[in-house]
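Novice: Please read through the structure below; I'll follow up with questions.
The values are calculated or read from the model by the stated rules, or taken from the named source; none is laboratory data. The model shown is predicted, which means the values in this text are computed figures rather than measured ones. Backbone-built Cβ (ideal geometry, glycine too); neighbour counts: all protein chains shown.
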Amino acid sequence: MDEMTATSGTLIQNTSTSLSSSMSSSSIFTNYPLICAVFAFAIAQSIKFFTSWYKERRWDIKQLVGSGGMPSSHSATVAALATAVGFQEGFGGALFAIALTLACIVMYDATGVRLQAGRQAEVLNQIVYELPAEHPLAESRPLRELLGHTPPQVIAGGFLGIVTAASGKLITLATS
């Protein structure tokens, strides 16, 4: 019985030591897939901010956080995440499969449900705009129309995400 207690005590101590050392050696600030995803999102949103200025000749701060437009920041984020997970964990592993499946769902949703919801919002806003002033809905706030993405916007976002993760991998290889 004493031998079993000593063995389990050693096992608990070793597990505790390995957990604390692995937790202290990794940080959210060194999480390569997360950093790639955040950078891809920031780059995509920045591109939208500058392209909207180029088109409209005015700064629209909402473009830094808004949805819709070129490129898709959602697609860039999940593509960067999946690619970085593939580089870090291997493209044949379960984690990459999960990340790739998530990316496909998000990208499909952006061009499907969210794009159609945005188009419906356009139609509904036009109907409300044409209502007589005395109608109860005539003063309702307009619905957001830029919700989804066209296929080229999603493809551009996905490509941006892959390039961001590959660039991050090259940077980490060059600095190590």
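Novice: Take the conditions buried (at least 20 other Cβ atoms within 10 Å of the Cβ), within 27 Å of residue 169 (Cα to Cα) and at pLDDT 90 or above and apply them to residue 81. Does it pass?
Specialist: Taking the combined requirement at face value, the residue satisfies it.
Novice: For region 116-135, state whether one or more residues are at pLDDT 95 or above, in a helix (DSSP H, G or I) and exposed (fewer than 15 other Cβ atoms within 10 Å of the Cβ).
Specialist: no
Okay, residues lined up against (1) hydrophobic (A, V, I, L, M, F, W, C); (2) modelled with pLDDT of 90 or more; (3) under 11 Å from the mean Cα position of the chain (by Cα):
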residue	(1), (2), (3)
19	yes, no, no
24	no, no, no
62	no, no, no
101	no, yes, no
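Novice: Only one of (1) modelled with pLDDT of 90 or more; (2) part of a helix (DSSP H, G or I) is not met by residue 92, so which one is it?
Specialist: (2)
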